[in-house]
Every structure is written in C-alpha cells, then in structure tokens.
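Data block below; observations after.
Nothing in this text is a laboratory measurement; each read-out follows from the coordinates by a stated rule. Source: prediction; values computed, not measured. Here the Cβ is made from the backbone with ideal geometry for all residues, glycine too, and neighbour counts use every protein chain on show.
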Amino acid sequence: MLSEPRSGRLAAWGNAFFAGLVPPDDTVTAIVGDDAVHRVEGLPGEPAPVGIALALGRLRSLGATGLRVALPAPGHPLGLSGPPEFNARALEAEEAVVCHGAAYGLVPEVHEAGPEGDVHTEVVWHCLPVREAPPADVPSLGEAERELAEALREATEVLTRLDVAGSGPVAEAAIDAYRARADKGGEVLAPGYPGRAVRVLEMARRVGLLVRVAYENGPGGAVSAGEMAARAAALRPVERTARRARVAAYNSVVEERERGVR
C-alpha cells in the first residue's frame, strides 16, 4: 500500500532533524501528518508525556544519533532486536522505532477521541528499553531492490495464471489513484535520504498495494481451494519482501552512516 506507517514518518523526519536538515516545527508537522497530536511517554527524565520536538531532543541528549524502523509480523520480527517485552509491544502495534546510539525504542498507541462528527486521532509513543544489537532480517538497499523485482515478477505470473483481479487493470487503476494521492502529499522520504532509498520505498509501496488489491478483489478465476491456497502462497512472500524493503529504505541513512558511506 502507498500509505506511510507512523514509524516511517517518525524515523525519516527524526533522522533529518538529527542531521540538522529540517527545523523542529517542520519535523513535528511531517511526523504528525493528519493526526491531531503525537506525544511520547516514558522518556527518562520526563515525568509526563512530552511533544515530539522535545522527545527528539531528549533522545539525542541520551545518545541517539539515528532512528530505525521495525515492521514486525507474526513469525517475522523484522527490525527488532529485543528484549521480548519490547518485541511483544511492537508486534501488537505492527510497527516500532528503535534508536541507534541509545538503548530505547518507541511503540505507538493510536486511539480516537472527540464527539461524533468531530473525531480525531491521537498517538502516544511509549518509550521502552531495547537491546543494543543488529536488527532482525533487514536487507541492504541493493538486496531489497533485487528481491522486490524478483518477487513482483514471480507473483504477477502466478496471479495472472490464477486469473486474480489484483494482477490486471483493477490493480493498475488502484495503484495509479493511490500514487496520485501520494504525489499530492509531498516528499516520499525526508531530506537527506539517498535517491535509491526513495526508489525502493516507492516500489515497495506499489508491491504492497498489489498484494492488498489481490486480496480484496475477490477470487477471480481461482475458485478451487487449491487455487486459493496457491494465491495465498504467492502473496505471503511478496508481502514479506515488501515489508523488508520498506524497512531497508527507512533505515538506509543510519545503515550508510554506520558503514561510513555518508
């Protein structure tokens, strides 16, 4: 899908903020997006929840030099490094942000507030201790790009053979519509990211949307149980590959800095 996870916005714009590429107000606006407010609770030295700008400043004072994204799914702790308590919270939320340089991570809790007809979304990021270790199963940008291209070809062949709606014009129309909406939303990634990361993230979004459309647009010609199982088998690894690629794109600034590229 083309929508951006909240962890992606926080990590991307937080990294740009750490690098001095965007001012605090612009950082907060980009991270909050269409939500009403984001706050961070549990920060060391802060007895009450604080706003995003103060939270990023506090994390930097604690040693954080970058932010990584985790997009875990059952059986696939993508981007996580422990401990189990943090992993469980991240898995429940299906996303998290992990600091580089400081042993802390952030897990979002999203809820709606306000009267009927005027409901808005509020987000509380819970700051929790994490284990300082390499994140699980995150590929390099080059690996992610190659895997995406291969997975997309294989899945398209299988879905076309099964006459699944997600492999034809329905999917293309949906992708074009979402792309138009995304283009209106501004930058794909925050300033400071390499062009390859932008390309990988755009492709991962496209692949993710293809998977979603294939699931949502009925069985097409895949009417037997065996054919339905074949479709699911084709989509599962593609969805996994798309998630890995998205994490690789969001984390690329930190990974390249670690390797001394930037």
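Taking amide hydrogens as placed 1.01 Å from N in the peptide plane, the amide H of Ala96 sits under 5 Å from those of Ala70, each at least 5 positions away in sequence or on another chain. Annotation: amide H-H contacts under 5 Å for Tyr104 (H modelled 1.01 Å from N, sequence separation of 5 or more, or interchain): Cys99, Val130. Counting only Cα atoms, the size of the range 6-129 along its three principal axes is 41, 36, 27 Å, in decreasing order. Taking packing as the residue-averaged number of other Cβ atoms within 10 angstrom, the listed peptides 5-11, 22-28 run from highest to lowest as 5-11, 22-28.
Summing Cβ point charges (Lys, Arg +1; Asp, Glu -1) relative to the Cα centre of the range 6-129 gives a dipole of roughly 680 debye. Computed from phi, the 3J(HN,Hα) profile of the range 86-93 under the Karplus parametrisation 6.51, -1.76, 1.60 (θ = phi - 60°) reads 5, 4, 5, 5, 5, 5, 5, 7 Hz, with x in place of Gly and Pro. Shown in residue order for the range 26-41 are the 3J(HN,Hα) couplings computed by the Karplus curve 6.51 cos²θ - 1.76 cosθ + 1.60 at θ = phi - 60°: 5, 4, 4, 4, 5, 6, 5, x, 8, 6, 7, 7, 10, 9, 10, 10 Hz (x for Gly and Pro). Taking amide H atoms as placed 1.01 Å from N in the peptide plane, the amide H of Gly82 lies under 5 Å from those of Asn87, Arg131, each 5 or more residues away in sequence or on another chain. Across the range 106-119, coupling constants 3J(HN,Hα) worked out from phi with the 6.51/-1.76/1.60 Karplus curve, θ = phi - 60°, read 10, 10, x, 10, 10, 8, 9, 9, x, x, 4, x, 9, 7 Hz, and Gly and Pro carry x.
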